[in-house]
Amino acid sequence: MLIETISHLLGLDFGWFIKLATVNPIMTFMLIAVFFIFLEGQNLIKGGLIILVAIFASLDFGSILGVAILTGSFMAIYYMSKISVLLLAEGSDKLKKYMMFINELQFFGVLIIVLLFFP
């Protein structure tokens with residue numbers, strides 16, 4: 001989905017983006033609500049774009065690399081590592097302002113670990 005989105009962006013196909021947002025309006029509003037809750041109402045556009053890129057990239061990586069992202073060992077490792085990584089980042093004053101990026105990097109780190117050690 002990320003590659004498709006980038007190709008439509010480079011082709012200046014804004015109609016595709018409008019169609020993507022308006023085909024299912026309830027999902028669009030729920031996604032905006034989740035952004036608002038996760039980001040606590042701050043930097044909504046920047047944070048929303050980062051989260052959307054991470055979601056689209058995870059869908060692409062999952063299908064291309066053959067990893068079942070929402071099942072089994074991936075989710076167990078993902079949530080166990082998420083708790084420890086985010087607690088460490090939250091406790092540090094320097095890392096606290098980069099929480100969103102640390103959260104996304106943690107996902108891709110777990111993806112690499114699952115690919116290497118859990119065939």
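Table for the structure above
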| read-out | value |
| --- | --- |
| Surface accessible to a 1.4 Å probe, per residue, for the residues of the chain, Å² | 71 |
| Unit Cα scatterers, Debye sum, the chain: log10 I(q)/I(0) for q = 0.13, 0.15, 0.22 Å⁻¹ | -0.64, -0.84, -1.34 |
| At R0 = 22 Å, FRET efficiency that the Cβ-Cβ distance of residue 79 and residue 105 yields, to 0.05 | 0.90 |
| Nearest-10 value in Å² for the accessible area of residue 53, using the 1.4 Å probe | 80 |
| Angle between the chain longest axis and helix 44-65 axis [Cα atoms, degrees, rounded to 10] | 80 |
| Portion, in percent, of the accessible area of the chain that falls on carbon or sulfur, probe 1.4 Å | 75 |
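The values are calculated or read from the model by the stated rules, or taken from the named source; none is laboratory data. As the structure is a prediction and not an experimental result, all values here were calculated from the model. Using ideal geometry, Cβ is built from the backbone for each residue, glycine included, and neighbour counts are taken over all protein chains shown. With ligands, DNA and RNA removed, areas are computed over all heavy atoms of the protein, side chains included. Shrake-Rupley method; radii C 1.70, N 1.55, O 1.52, S 1.80 Å.
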